[in-house]
There are 2 protein chains.
Amino acid sequence: MEETKFLTDIEIAQNNEMEHIKTIAAKLNINEDDLEYYGKYKAKLPLSFIDEEKVAQNNLILVTAMTPTPAGEGKTTTSIGLTEGLNKIGKKTTVVLREPSLGPVFGIKGGAAGGGYAQVVPMEDINLHFTGDFSAVEKANNLLSALIDNNIQSKTRNLGIDPRTIVWKRVMDMNDRALRQITIGLGGTANGIPREDGFNITPASEVMAILCMAKDMEDLKTKLGNIFIGFTFDKKPIYARDLKAEDAMAILLKDAIKPNLVQTLEENPAIIHGGPFANIAQGTNTIIATKMGLSLSDYVVTEAGFGADLGAEKFLNIKCVSAGLKPKAVVLVATIRALRHHGGAKKDEYNTPSLERVEKGFENLEKHIENCRKFGLNPVVAINAFPSDTDAEVLWIKDKCKEMGVQAIVAEGWAHGGDGMVDLANAVVTEVESGQNKFEGLYDWNLPVKEKIDKIAKEIYGATEVIYSKRAKLDLKRIARLGLEHLPICMAKTQKSFSDNDKLLGRPKDFSVNVREFEYAVGAGFIIPILGKMMRMPGLPAVPSSEGMTIDNTGKISGLS
Amino acid sequence: MEETKFLTDIEIAQNNEMEHIKTIAAKLNINEDDLEYYGKYKAKLPLSFIDEEKVAQNNLILVTAMTPTPAGEGKTTTSIGLTEGLNKIGKKTTVVLREPSLGPVFGIKGGAAGGGYAQVVPMEDINLHFTGDFSAVEKANNLLSALIDNNIQSKTRNLGIDPRTIVWKRVMDMNDRALRQITIGLGGTANGIPREDGFNITPASEVMAILCMAKDMEDLKTKLGNIFIGFTFDKKPIYARDLKAEDAMAILLKDAIKPNLVQTLEENPAIIHGGPFANIAQGTNTIIATKMGLSLSDYVVTEAGFGADLGAEKFLNIKCVSAGLKPKAVVLVATIRALRHHGGAKKDEYNTPSLERVEKGFENLEKHIENCRKFGLNPVVAINAFPSDTDAEVLWIKDKCKEMGVQAIVAEGWAHGGDGMVDLANAVVTEVESGQNKFEGLYDWNLPVKEKIDKIAKEIYGATEVIYSKRAKLDLKRIARLGLEHLPICMAKTQKSFSDNDKLLGRPKDFSVNVREFEYAVGAGFIIPILGKMMRMPGLPAVPSSEGMTIDNTGKISGLS
């Protein structure tokens, strides 16, 4: 594979000849007539395929990661590669992933459909409009906004919403910092009532979180109706259902609720559906998509955003508990680079071999391993390979993991696709077939809010205490008054540390975490303790990647990385 | 058909059993492999199907209308019905229409996919996200906005754009009056430079106008690059190409550029593509779609927005001249209701028979007939039937038209589909086969701007003079300075009167029109004289139609009318 080493992701994807999506569907025993095509390489699947018996019986594998460097440690690439590997060793496997957001594609980030020889395709479409799900979420979100402002403007049917209390924001899938904070309704009586507002990026919409938590169309409508908007002047809460918005919003989501089938580079099935923010929402694909995958294949590989303290914790405590899903194995992605980072390497030293730093940084991975076990799951560590890795570093990690009773396997999906992932696949199958993994949620949803937060902060993060600001204490009273105490906790915290302080790497000790305030996603069904300032609308960089993109008269795209 | 009389449009559409879109495509000799499906009932068509020889040889029929009442006179319904009628008499015909905008569906207006037994289906999809074209236009528009604000914020690559001069606005396909006038970039240095902005509804985007004027991907890119944004502090014009935006925008439009194939209720082919505003843009489907229709069938029926003074004039002088299209016949839609309106009936009297008012109101239709002849086209009048029509009124109109050498035919597409349109179809074929219609544009694009405007105002509207405001005169100088004088004219005028005054019904005489200012769509390629305040972002009504909509667990929608 030497000669192809320098190809970009899009070049690898474009050099790959895709199968017609009906061929991929056939591998899942899906009849062509049941597919809703979106071109030749994408299709939507009907919800009627979900079979709860198979969901319970088949094998769900979660891919999560140690605390990442800013570049990320390759969870998506590992998930896709592992799927190739599992299929290679004869396990009928589907990868089930989130949909990437379009906005960041024109910024720095580039695509989010895996990388190298572990990608889902067609990568251009998946990274751009795909099948229109994000656009539908955006429209549903913004219809509610328009209905709110229309009601405030109404003379005859005014609900008395106090514009100063409205927490519902508009959204746009675009990196557009100028829309973060705006004033709307200017220009006189015809244009509404002036008020402050702002746009979040579309994946940060609660509508996206709801889509990912919904069990079916009825449940979707109920959840949409439960969206909390703000208060009236006499302090009564107002929900989307008070504006009779939920059916119209659900109509806009009628196709978005159906999971999307695509393929991996090795022509294995991939279901890509839903894309909620990982920092202020649950950050995983839809419950419907995960169940769809489990209904159609023996193994499902899925991933949860950010490190395991955030992504896996939410995946397990919110999504799995809510949907009755029981993962049979967890893959914890680590990189030598990230271990060096936690061992003290600066950004320009990430690629400099250092056994000492790896040894020091291992405490981070160790804590994540311990955490997985708190859910009844013994993880497999995947060392996502980089050219700068040395044998000494790899061996040391393998030994150290072995001491802990954990298999650590080098994963070479990026460079070699499924061929580079056979060992990891075998290790995962061993773990699944051991029958030792018995998933259990970390806390009972019915515990008091503070106790639930304590469990996460102390047992997962390793904090000694949780401090609540004055504002947070007031919010807790409001949560009680609104009857939301039974909801699970969706932590909003930096992904860069176990603590709420970016700077504390490795395995911080003797720290407290600070809850500054609470938000509540009543529709999606969780309480969000805010432990730091969360970015909900990215900006473009000095040189937007849009400038380097081209499209020719045949529709071929370059420069989308 | 007595028992179905009271069905709503959506009920009629849902009771209709659709053919798989491959069956419709087969009627156009399209191979299944060449289709890009969007579900079973929608498909995109490759641009390679366009065959200029067939475009020149086949028959293009324009459906336009007399000056309408606020309810509209049924151009879309007539276009679809006529297509059914033409197919019934053995002419292989495709209807080529604009895509409806999603925003108004949740307001008052309801759908825009025809009505009664003359509809295109699936009507819910066509009225909602359809194949994502509007969303793609919206994203392309808003990417440019984000790039503009990002450049203003840039320290290292600043082009010196003066924020006070920026004419490029963001867009959203939503009736949302609160976004008409906003302040963006608030909240400190991280959020950009504060400035005034606003959202238009997506069909009002110049990107939509460009999509509809583009000949292919290369042409699309060139036109996108030519979008005028504003001036630098030292008064240099800035275009989208200065931000290197055109390729990224074109990438977002890579699927939107392909026309969409659907079907009529009688399973005839319908191509629906592009939807620019009729009041500040050219208001017709894409050039690509019209050429696609002509490449695939002997007859193409298409429509142009609003009355013939606006829609047909722009269609003929801008679109047809630009694309080299030569319509072979024009259908002028009239209703007895509209004739009564122009004869003095108030809104609650539209359904009250009155031969006197019809006789008086006829002068409006007469002027439109005369106008069609100025383009070398003798129209056929379609009297779109309403229950309140009386034989006396209909007979009088028919006689009057006959005196003018024009056939007037009662069109019953709404009530009877193709069966109600056979007479009209025969009349159109007679007109086409007469060979008498020799289309010619009204003016030479190379004339001075004022002379082009004079031609339209005096010959089409019947004005005695054109008055330019001080601002308009300054704009004319700027147009000269920017080198745009060779562009055709895209009038922005009320659709309610031949004049620029809503109140002047019938056939106004001795009036002048006032050009208040100019805009220029440099990308789309036209100069826009503004003759009145144009609405570019509608609002929702007191009772939004969203409140009456429902969707059940099977995905069936009700209340979308």
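Here are the numbers:
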{"quantity": "Calculated log₁₀ intensity ratio I(q)/I(0) where the Debye formula runs over C-alpha points of region A:255-319, q = 0.16, 0.23 Å⁻¹", "calculated": "-0.55, -1.02"}
{"quantity": "Region A:412-463 - Rg and Dmax from Cα coordinates, angstrom", "calculated": "18.0, 49"}
{"quantity": "For the protein assembly as shown, size of Cβ-based charge dipole, Lys and Arg +1, Asp and Glu -1, in debye", "calculated": "3780 debye"}
{"quantity": "Accessible area buried at the A-B interface, both sides summed, 1.4 Å probe (Å², nearest 100)", "calculated": "6400 Å²"}
{"quantity": "Gyration tensor (Cα) of region B:498-561, equivalent ellipsoid semi-axes in angstrom", "calculated": "39, 20, 11"}
{"quantity": "Where only C-alpha atoms are counted, convex hull volume of region A:1-150 per residue in Å³", "calculated": "195 Å³"}
{"quantity": "Sequence-separation-based contact order of chain A, relative, with Cα cut under 8 Å and 6+ spacing, percent", "calculated": "21 percent"}
{"quantity": "Of the DSSP H helices in chain A, those whose Cα atoms cover at least 15 Å axially and whose Kyte score averages 0.0 or more", "calculated": "A:422-434"}
{"quantity": "Flagged links, alpha-carbon separation over 24 Å, of B:319/B:402; B:22/B:328; B:92/B:291; B:139/B:477; B:328/B:402", "calculated": "B:319/B:402; B:22/B:328; B:139/B:477"}
{"quantity": "Kirkwood-Stokes translational diffusion coefficient of region B:179-300, alpha-carbon pairs, 10 °C, 1.306 mPa s, µm²/s", "calculated": "95 µm²/s"}
{"quantity": "Dipole-positive endmost among A:543, A:524, A:461 within region A:453-546 (Cβ charges, Cα centre)", "calculated": "A:543"}
{"quantity": "Gap separating the Cα centres of region B:303-336 and region A:376-424, nearest whole Å", "calculated": "68 Å"}
{"quantity": "FRET efficiency estimate (nearest 0.05) - Cβ-Cβ, residue B:108 to residue A:162, R0 41 angstrom", "calculated": "0.90"}
{"quantity": "Where the Cα pairs of chain B fall when distances are cut into 10 Å bins, in %", "calculated": "4, 18, 29, 28, 16, 5, 1, 0"}
{"quantity": "Electrostatic dipole magnitude of chain B [Cβ: Lys, Arg +1; Asp, Glu -1; Cα centre; debye, to 20]", "calculated": "2300 debye"}
{"quantity": "Pairs of Cα atoms farther than 14 Å apart, region A:1-85, %", "calculated": "78 percent"}
{"quantity": "10 Å Cβ neighbours from other chains, averaged over peptide B:551-561", "calculated": "5"}
{"quantity": "Sum of -39500 (n - 2.57) over DSSP H runs of 4+, divided by residues of chain A (222 nm, nearest 500)", "calculated": "-9000 deg cm²/dmol"}
{"quantity": "Rg(Cα) / (2.2 N^0.38 Å) computed for region A:241-281, rounded to two decimals", "calculated": "1.69"}
{"quantity": "For chain A, share of DSSP beta bridges that run antiparallel, in % to the nearest 5", "calculated": "45 percent"}
{"quantity": "Equivalent ellipsoid dimensions for region B:51-123 as semi-axes, Å, which come from the Cα gyration tensor, largest first", "calculated": "25, 14, 13"}
{"quantity": "Exposure ranking of B:535, A:66 by accessible area [1.4 Å probe, largest first]", "calculated": "B:535, A:66"}
{"quantity": "Cut-off under 5 Å, modelled amide H: who pairs with residue B:36 long-range", "calculated": "B:44"}
{"quantity": "Alpha-carbon gyration tensor eigenvalues x 5, square-rooted, for region A:201-245, Å", "calculated": "22, 13, 7"}
{"quantity": "Residue A:547 versus residue B:542: modelled label distance in nm, points set 7 Å from Cα along the beta carbon direction", "calculated": "5.4 nm"}
{"quantity": "Within 10 Å of each Cβ in B:252-263, the average number of Cβ atoms from other chains", "calculated": "2"}
{"quantity": "Among A:121-127, A:310-316, the order from most to least packed when residues are scored by Cβ within 10 Å on average", "calculated": "A:310-316, A:121-127"}
{"quantity": "Chain B, accessible area per residue, ligands and nucleic acids excluded (1.4 Å, Å²)", "calculated": "35 Å²"}
{"quantity": "Cα gyration tensor, region B:131-185 - rounded (a/c under 1.5), prolate or oblate", "calculated": "oblate"}
{"quantity": "Alpha-carbon radius of gyration plus Dmax, which is the widest Cα pair, for region A:294-446 in Å", "calculated": "16.0, 48"}
{"quantity": "Carbon and sulfur %, accessible surface of region B:469-561 computed with the full protein complex present, 1.4 Å", "calculated": "51 percent"}
{"quantity": "Carbon and sulfur %, accessible surface of region A:191-243 computed with the full protein complex present, 1.4 Å", "calculated": "52 percent"}
{"quantity": "Cα gyration tensor category, rounded, prolate or oblate, for region B:247-378 with a/c compared to 1.5", "calculated": "prolate"}
{"quantity": "25 °C / 0.890 mPa s Stokes-Einstein diffusion coefficient of region A:119-214, Kirkwood radius on C-alpha pairs, µm²/s", "calculated": "163 µm²/s"}
{"quantity": "Largest-first principal axis extents, alpha carbons of region A:171-231, Å", "calculated": "43, 28, 18"}
{"quantity": "FRET efficiency for residue B:7 and residue A:18, using Cβ-Cβ distance with R0 set to 41 Å, rounded to 0.05", "calculated": "0.40"}
{"quantity": "Positions from region B:24-49 whose accessible area shrinks by 40 Å² or more when the full protein complex is built, not the chain alone, probe 1.4 Å", "calculated": "B:37, B:38, B:39, B:40"}
{"quantity": "Cα principal axis extents for the protein assembly as shown, largest first, Å", "calculated": "102, 56, 55"}
{"quantity": "Carbon plus sulfur fraction of accessible area for region B:102-185, probe 1.4 Å, in percent", "calculated": "53 percent"}
{"quantity": "Counting DSSP beta bridges with both ends in the protein assembly as shown, the antiparallel % (nearest 5)", "calculated": "45 percent"}
{"quantity": "Surface accessible to a 1.4 Å probe, residue B:101 within the full protein complex, Å²", "calculated": "20 Å²"}
{"quantity": "Neighbour cut-off at most 16 other Cβ (10 Å), DSSP loop, GluC sites (Glu not before Pro), region A:401-452", "calculated": "A:440"}
{"quantity": "P(r) tail fraction, region A:368-472 - alpha-carbon pairs more than 18 Å apart, %", "calculated": "62 percent"}
{"quantity": "Computed E for residue B:363/residue B:436 - FRET, C-beta separation, R0 22 angstrom, nearest 0.05", "calculated": "0.35"}
{"quantity": "Residue-averaged beta-carbon neighbours from other chains (10 angstrom radius) around B:213-222", "calculated": "2"}
{"quantity": "Spatial separation of Cα centroids for region B:501-561 and region A:54-102, in angstrom", "calculated": "48 Å"}
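The values are calculated or read from the model by the stated rules, or taken from the named source; none is laboratory data. As the structure is a computational prediction, the values presented were derived from the model and not from experiment. Here Cβ is always computed from backbone atoms with ideal geometry, including for glycine, and neighbour counts include all displayed protein chains. When the accessible area is computed, the model is the full protein with side chains, heavy atoms only, and any ligands, DNA or RNA have been set aside. Shrake-Rupley method; radii C 1.70, N 1.55, O 1.52, S 1.80 Å.
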